[in-house]
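Heads up, the thing below is written out as structure tokens.
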Amino acid sequence: MIAIIGAGLTGLTAALHLAESGHQVAVFEAGDHLGGRTRSFVDTHTQTTIDHGPHLLCGAYHATRKLLNKLEIESNVTWQAHVTLPLWEHERGGFLFSPSAHLPLALAIFPAVLRMPEHGFRSILGMIATQCRAPTSPITTVHAWLKTMHAHPLLIRDFLEPLCFATMNESMATANAVSFQRLLKTAFHNHDSAKLGWFNRPLTDAIITPLQCRLEALQIPIQRRTSIRKLSLEGKRYILHSQSKRYGHFDQVILAIPAYAKARLLNTDTPDQKKHIQTRSILNLHLWFKELAPLPTQSTTPFIGGLGTQGQWFFDISAQMVGESNPLRHLCMVVSAPEDLANLAMHRHADWLKIAIEEFAAIYAMNPDELQFKCAHHRLIHEKRATVLVQEYQNGVDIPEALAHGIIDRCEQPRIGELPATIEMAIQRGDTNALITS
Ligand SMILES: Cc1cc2nc3c(=O)[nH]c(=O)nc-3n(C[C@H](O)[C@H](O)[C@H](O)COP(=O)(O)OP(=O)(O)OC[C@H]3O[C@@H](n4cnc5c(N)ncnc54)[C@H](O)[C@@H]3O)c2cc1C
């Protein structure tokens with residue numbers, strides 16, 4: 001019998017794979033709901049189901065696509081035909097980064113960069129360098145790496161910096177260059193890997209409920225509201241302890257929780273170790289407007305990357321969702337790692353609201369007061385530990401030796417050179433079959 005601790009995407013995927021291979025599994029989840037960071041909830045004011053923040057996918061998410069296919073829910077994701085990135089800046093207005101589908105991506109990127117206002121051959125040379133020139137050391141930061149190749153400031157500002165925040169969820173000053181370059185190579189490998197996708201219904205409906213239904217059909221017990229506080233051994237078998245109960249006896253235990261939760265569970269969360277498990281937040285300001293047209297993205301892509309704006313991404317959630325019947329237009333401004341942006345870190349809800357209204361108004365070419373007047377509701381969601389950062393774990397978040405033999409560590413804990421924490425990595429971590437000893 002195998003215990004899985006955590007019912008986010010990692011734990012639920014692990015349960016599915018193992019049960020389908022004939023293993024007996026039981027899942028333990030601390031929360032009321034399944035899905036962890038990819039669960040939705042009802043905003044009672046508008047009576048709409050929303051996610052904490054919009055989640056984007058790219059074509060290189062192979063494990064995710066395989067899972068969607070297995071669950072027969074491919075239609076819950078809308079994919080671009082080929083990558084198109086709508087961008088917006090105060091001076092230059094809206095424009096697209098849109099490589100032609102008629103050329104291989106490696107070639108199509110260059111004319112696409114040249115078509116972006118103010119870009120020229122220096123941007124192209126910079127793009128080539130990011131593919132060819134490896135960081136000098138495993139701990140080089142993105143900032144230092146770009147400096148060694150004299151990357152053009154406009155290429156950094158329009159492309160590399162927003163991509164770094166969006167994918168690594170931290171600033172270039174600290175993000176690891178080896179992982180970032182790997183990510184660029186993986187995502188821009190070809191047209192299929194580079195295209196973007198988005199869930200066209202709230203995450204719980206789109207992926208968590210279908211997973212849950214499949215697990216129920218396989219009769220897998222899922223124990224909610226059960227925070228596992230401690231693990232112990234009786235002979236070679238594991239006992240799981242919640243505050244009031246013991247659960248046993250398990251041959252193996254899969255940890256499908258973020259690294260900081262693992263440290264707490266294994267009682268290794270010393271102040272020293274806490275410093276080593278670095279996380280960053282994501283801030284999402286959801287807004288609902290009366291009688292507002294779709295976000296002007298100049299494409300069918302329902303979001304815009306902001307350049308020189310305080311919000312980094314501007315989503316039109318109403319346009320993203322299929323069968324949306326709410327007459328209010330739901331928009332969302334996203335800021336990755338606001339704690340890395342010194343001038344923004346201390347902002348309060350009212351400040352963020354003012355910023356969002358001003359920046360959405362500029363994108364819509366409207367007067368901010370007029371837009372403010374149309375705003376029926378807003379909701380700030382600041383997910384404090386949105387992702388665990390790529391980092392080296394010198395003092396380890398290691399499992400004590402006495403417990404280690406049957407514990408399978410699938411915690412979110414990306415190491416240097418690995419890809420950053422995403423849905424794709426969670427689903428990949430859930431593939432634990434090969435690690436099970438029968
Ligand atoms: C706002 C936001 C935006 C994001 N945007 C994107 C995006 O655009 N694209 C993308 O690919 N990824 C994105 N991510 C990242 C992605 O959501 C996560 O990497 C992924 O969901 C992690 O899944 P997980 O199962 O590993 O962890 P989690 O979802 O955190 O699941 C862990 C579960 O374990 C439970 N748990 C913890 N401790 C215990 C315990 N002791 N006992 C029992 N249960 C426990 C928790 O309650 C939780 O349900 C975003 C994340 C956030 C927060």
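The values are calculated or read from the model by the stated rules, or taken from the named source; none is laboratory data. Quick caveat: nothing in here was measured; it's all calculated off a predicted structure. Every residue, glycine as well, gets a Cβ built from its backbone with ideal geometry; the counts of neighbours run over all protein chains shown. With ligands, DNA and RNA removed, areas are computed over all heavy atoms of the protein, side chains included. Shrake-Rupley method; radii C 1.70, N 1.55, O 1.52, S 1.80 Å.
Check whether at least one residue in segment 285-304 is in contact with a strand residue (DSSP E or B) (Cβ under 6 Å, 6 or more places away or on another chain), among the basic types (Lys, Arg) and within 13 Å of the ligand (Cβ to nearest atom), and report yes or no. Checked against the condition, which is being in contact with a strand residue (DSSP E or B) (Cβ under 6 Å, 6 or more places away or on another chain), among the basic types (Lys, Arg) and within 13 Å of the ligand (Cβ to nearest atom), segment 285-304 yields no hits at all. Checking each residue of segment 358-380 against the condition of being open to solvent by less than 40 Å² (accessible area, probe 1.4 Å), in contact (Cβ under 8 Å) with a residue 12 or more places away in the chain and more than 27 Å from Ile304 (Cα to Cα) gives no match.
Taking the options Pro400, Pro420, name whichever one is touching a residue at least 12 places away in the same chain (Cβ under 8 Å) and away from the ligand (no atom under 13 Å from the Cβ).
Pro400
Regarding segment 150-162, can at least one residue be identified that is open to solvent by less than 50 Å² (accessible area, probe 1.4 Å) and within 16 Å of the chain's Cα centre (by Cα)? Yes. The single condition from (1) within 16 Å of the ligand (Cβ to nearest atom); (2) farther than 15 Å from His286 by Cα; (3) in contact with an Asp or Glu (Cβ under 9 Å, 6 or more places away or on another chain) that Arg379 fails is (2). Within segment 120-145, being part of a helix (DSSP H, G or I) and modelled with pLDDT under 95 holds for Phe121, Arg122, Ser123, Ile124, Leu125, Gly126, Met127, Ile128, Ala129, Thr130, Gln131, Cys132. Among the residues here, Pro117 does not qualify as over 18 Å from Gly305 (Cβ atoms), open to solvent by 20 Å² or more (accessible area, probe 1.4 Å) and not in a helix (DSSP H, G or I).
Just checking, which of Thr437, Thr432 is open to solvent by 40 Å² or more (accessible area, probe 1.4 Å) and either among the polar types (S, T, N, Q) or over 20 Å from the mean Cα position of the chain (by Cα) (or both)? Give the derivation first.
Numbers: Thr432 fails: open to solvent by 40 Å² or more (accessible area, probe 1.4 Å).
Only one candidate qualifies: Thr437.
Which residue, of Ala144, Ala134, Ala101, is in contact (Cβ under 8 Å) with a residue 12 or more places away in the chain and surrounded by 15 or more Cβ atoms within 10 Å (Cβ to Cβ)?
Ala144
The strands (runs of 3 or more DSSP E) found entirely in segment 231-311 that carry 1 or more residues being under 17 Å from Val27 (Cβ atoms) are 237-241, 246-250, 252-255.
For segment 36-69, the set of residues classified as more than 8 Å from the ligand (Cβ to nearest atom), in a loop (DSSP other than H, G, I, E, B) and not polar (S, T, N, Q) consists of His45, Gly59, Ala60, listed by residue number. Screening Cys411 against (1) touching a helix residue (DSSP H, G or I) at 6+ places or on another chain (Cβ under 7 Å); (2) in the same structural domain as Leu328 (by TED's automatic domain parsing) leaves a single unmet condition, (2). Give segment 201-230 a look and list any residue that's in a loop (DSSP other than H, G, I, E, B), of a type outside the set (Lys, Arg) and over 16 Å from the mean Cα position of the chain (by Cα), or say none. Of everything in segment 201-230, those that are in a loop (DSSP other than H, G, I, E, B), of a type outside the set (Lys, Arg) and over 16 Å from the mean Cα position of the chain (by Cα) turn out to be Leu218, Gln219, Ile220, Pro221, Thr226, Ser227, Ile228.
Scanning segment 423-437 for residues that are closer than 26 Å to Lys236 by Cα and touching a residue at least 24 places away in the same chain (Cβ under 8 Å) yields Arg429, Gly430, Asp431, Thr432, Asn433, Leu435, Ile436, Thr437.
Just to verify a result, which residue in segment 1-32, among those that are open to solvent by 30 Å² or more (accessible area, probe 1.4 Å) and touching a strand residue (DSSP E or B) at 6+ places or on another chain (Cβ under 8 Å), is nearest to the ligand (Cβ to nearest atom)? The selected residue is Met1.
Within segment 387-411, which residues are at pLDDT 90 or above and either part of a loop (DSSP other than H, G, I, E, B) or open to solvent by less than 10 Å² (accessible area, probe 1.4 Å) (or both)? Within segment 387-411, Val388, Leu389, Val390, Gly406, Arg410, Cys411 meet the criteria.
Of all the residues in segment 218-245, those that are loosely packed, with under 13 Cβ neighbours inside 10 Å, basic (Lys, Arg) and more than 10 Å from the ligand (Cβ to nearest atom) number 2.
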